[in-house]
Amino acid sequence: MISFIGTDLDGTLLNSNKEISQENIRAIRAAVDKGITFAICSGRTLDSVQNFFDALQVPGYKVLLNGAVIFDPDNKKISDRPIAKAVVDDLLRSVDGYGFKVVIDGLDSTYVTDPELSDATYFEGVSKRNVLVGSVTELREINDRKDSVVYKVCFSSSEDRVAQLMKKIETFTSMPVVISRSGESYYELNALDCTKLSGLQRISAVSKIPIAEFMCFGDYGNDLEMLRGVGYGVAMDNAMEEVKDVADIITGTNDENGVAQVINRVLDKKIK
């Protein structure tokens, strides 16, 4: 029995144009109409995720920033897991001078420093809440503000420096953080034991829906534990191989309405 459907956004529910297709919208609305609980499970901030709920026009849980913050369908916050300020500062100090792209995420604000001004600086100009700053030192100053709360720290590099970035990321394994990968050279760090799966387990406890009745969709490293831990893990055909390996079902790509393909099978009772 599938009582809950959760989906990642980038590379999963969203197509290559960063849009939700009409096929996916129709399938999700039909599932919610049938009484299935819905969630978006993303590394994105509240403002960004809310925009997609506005497009879907359905109620649902928001699992934000890789599970660091969760809102229920009534927009009540039910979980809040920031990274300790001292830990954020240690992370930032350790990469100062390396020239990597560094991002710190609050609930609704994102600050980016990117010396290479790479194409991956996708936050610049998107929203007044997404701010490009000049240095890691400025990020440390933002973190040090009394009212500043950081839920996620991200690091990325150009292709020719990936090996150097990976070596630096390995030094963080002894710190009280969980490390996930959401792109070829994009690493995301959250508070210890803070993942999309742990967020869904919190929802399971609150909603009384067994995790065995959860079906979740994903494509990349920050979805791996989620797909492995729920009752029905669905990997997109464009997913990384490690994600496909733990999935129960492999569907079409994000440009082939892969989410809708499986949801429609659930509604037709071809998957139970």
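The values are calculated or read from the model by the stated rules, or taken from the named source; none is laboratory data. Everything numeric here is computed off the predicted structure, so don't read it as measured data. Methodologically, a virtual Cβ is constructed for each residue, glycine included, from the backbone with ideal geometry; neighbour enumeration extends over all protein chains shown. All accessible areas refer to the heavy atoms of the entire protein, side chains included, with ligands and DNA or RNA removed. Shrake-Rupley method; radii C 1.70, N 1.55, O 1.52, S 1.80 Å.
The table for this structure:
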| quantity | calculated |
| --- | --- |
| Greater than 27 Å apart at Cα, pairs in Lys76/Lys146; Lys62/Lys167; Lys18/Lys196 | Lys62/Lys167 |
| Dipole-positive endmost among Ser180, Ser157, Gly35 within the chain (Cβ charges, Cα centre) | Gly35 |
| Fraction of accessible area attributable to carbon and sulfur, the range 1-75 (%, probe 1.4 Å) | 43 |
| Karplus-derived 3J(HN,Hα), 6.51/-1.76/1.60, for each residue of the range 202-215, Hz, glycine and proline x | 5, 4, 4, 5, 6, 7, 6, 8, x, 4, 5, 9, 8, 10 |
| Quotient of C-alpha Rg and 2.2 N^0.38 Å, computed over the range 56-203 | 1.04 |
| Cα-based convex hull volume of the range 44-118 per residue, rounded to whole Å³ | 94 |
| Cα-based Rg and Dmax for the chain, where Dmax is the largest Cα-Cα distance (Å) | 18.1, 56 |
| Share antiparallel - DSSP beta bridges, the range 1-99, percent rounded to 5 | 50 |
| Calculated log₁₀ intensity ratio I(q)/I(0) where the Debye formula runs over C-alpha points of the range 137-187, q = 0.18, 0.23, 0.28 Å⁻¹ | -0.71, -0.97, -1.10 |
| Most positive-pole-ward Cα, Ala205, Met226, Val136, against dipole of the range 96-240 from beta carbon charges | Ala205 |
| Amide H partners (placed H, <5 Å) of Phe4, local residues excluded | Thr37, Met215 |
| Solvent exposure of the chain as accessible area per residue, Å², 1.4 Å probe | 45 |
| Ranking by accessible area, most exposed first, for Asp268, Asp8 with a 1.4 Å probe | Asp268, Asp8 |
| Accessible area of the range 125-260 belonging to carbon and sulfur atoms, whole % at 1.4 Å probe | 48 |
| Selected from Asp105, Asp90, Asp74 as most flexible by GNM, with the chain as the system and alpha-carbon contacts under 10 Å | Asp74 |
| Förster radius 25 Å - calculated FRET efficiency between Asn75 and Asp33, Cβ distance, rounded to 0.05 | 0.75 |
| Asp96 accessible area, assembled protein chains, probe 1.4 Å, Å² | 70 |
| Taking the range 204-268 and dividing mean pair separation by its residue count, relative contact order in percent (alpha carbons under 8 Å, at least six apart) | 24 |
